[in-house]
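Heads up, the thing below is written out as structure tokens.
The values are calculated or read from the model by the stated rules, or taken from the named source; none is laboratory data. Everything quoted here is computed from the prediction, not taken from an experiment. So basically every Cβ, Gly included, is an ideal-geometry build from the backbone, and we count neighbours across all protein chains shown.
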Amino acid sequence: MDELFSQARSKIEEKFTLTPVELPDELRETRFPLGLLEMKCYNWKAPGIRKLYAMRLKIKVPSLDILGMAIYPEPDVDVPIFCFDLSCAKKKIVTYVNAIPLLQDEAFTRKYLNPFKQAHAAYGDFPPHKSPEWMLRYKTPYTVYSMPDRERVRDIKACVSAYLDVYLDILAGAPRIDDPQYRARIEQEQKNYINDLLTKDNSQKMLARILGTQKTSRIFNEVLV
């Protein structure tokens, strides 16, 4: 996962000049004694990107290696939010790769979602896993949500890389929104997704069992979104 993290960051830096956003020490890095847990969080910003988030989490027992990244565009571009989360356990890899559809209309789908069709056809052939109820609003024909065997880790990394290439081309070429009403609509849809993520995603509960409720809440509210 470290290799994929470096590769993803390099791809983004080819298109955007990233500026690190300083995080509090207690959120930036967490370590447990004897190497039982190591977590590092990162934030950057760039022109057109309100926040780029990344998290690396390694747990020794039970073995778990997690990489999560998300790109939140500025609200003056109507490009989807992009995210991927990979949780690599002993036998399976919980895999989520998605361009979050802010709008449900045909023009948005044609402009910002259909470009992922080729990458999905080439790299997105994974057995589908049942999506949580709250995620259905953000599911598209090109969403990857799966639990493939760990042996397919190379395929998963190739999928993430291909999707990221498509997304970065879209984001880099996206025009600024001139219409203030449309900009307000996009900003509200971004906030709606963030609210769903903060209030409905069960991963926050699972992480809280390890790190505690208060720290986990800060990570989600101050780092992830």
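Test Y142 against the stated conditions and say whether it is under 30 Å from V21 (Cα atoms), in contact (Cβ under 8 Å) with a residue 40 or more places away in the chain, out of contact with any Pro (no Cβ under 8 Å at 6 or more places or on another chain) and buried (at least 18 other Cβ atoms within 10 Å of the Cβ). In short, no. When the residues of the stretch 22-57 are filtered to those that are over 17 Å from the mean Cα position of the chain (by Cα) and of a type in the set (A, V, I, L, M, F, W, C), the one that is farthest from L171 (Cα to Cα) is L34. Sort out which residues of the stretch 78-123 are surrounded by fewer than 18 Cβ atoms within 10 Å (Cβ to Cβ) and of a type in the set (V, I, T), and write them in order of number. If the condition is that a residue be surrounded by fewer than 18 Cβ atoms within 10 Å (Cβ to Cβ) and of a type in the set (V, I, T), then V94, T109 are the ones that fit. For the stretch 134-141, indicate whether the set of residues that are assigned to a loop (DSSP other than H, G, I, E, B), of a type in the set (V, I, T) and more than 19 Å from Q7 (Cβ to Cβ) is non-empty. Yes, the stretch 134-141 contains at least one residue that is assigned to a loop (DSSP other than H, G, I, E, B), of a type in the set (V, I, T) and more than 19 Å from Q7 (Cβ to Cβ). Cβ separations smaller than 9 Å between residues 6+ apart or across chains give the following pairs from the stretch 6-21 residues that are touching a residue at least 12 places away in the same chain (Cβ under 8 Å) and farther than 16 Å from A172 by Cα to residues that are small (G, A, S) and in a helix (DSSP H, G or I): Q7/S161. How many residues does the stretch 95-133 hold that are in contact with a Leu (Cβ under 7 Å, 6 or more places away or on another chain) and either of a type in the set (S, T, N, Q) or part of a strand (DSSP E or B) (or both)? Residues flagged as in contact with a Leu (Cβ under 7 Å, 6 or more places away or on another chain) and either of a type in the set (S, T, N, Q) or part of a strand (DSSP E or B) (or both) within the stretch 95-133 amount to 2.
Within the stretch 28-49, if we keep just the residues that are assigned to a helix (DSSP H, G or I) and at pLDDT below 95, the residue that is surrounded by the most Cβ atoms within 10 Å (Cβ to Cβ) turns out to be G35.
Among the conditions (1) more than 17 Å from the chain's Cα centre (by Cα); (2) free of Cβ contacts under 8 Å to residues at least 12 places away in the same chain, L136 misses just one, which is (1). Exactly one condition in (1) over 14 Å from the mean Cα position of the chain (by Cα); (2) not in a loop (DSSP other than H, G, I, E, B) is false for P62; which is it? Unmet condition: (2).
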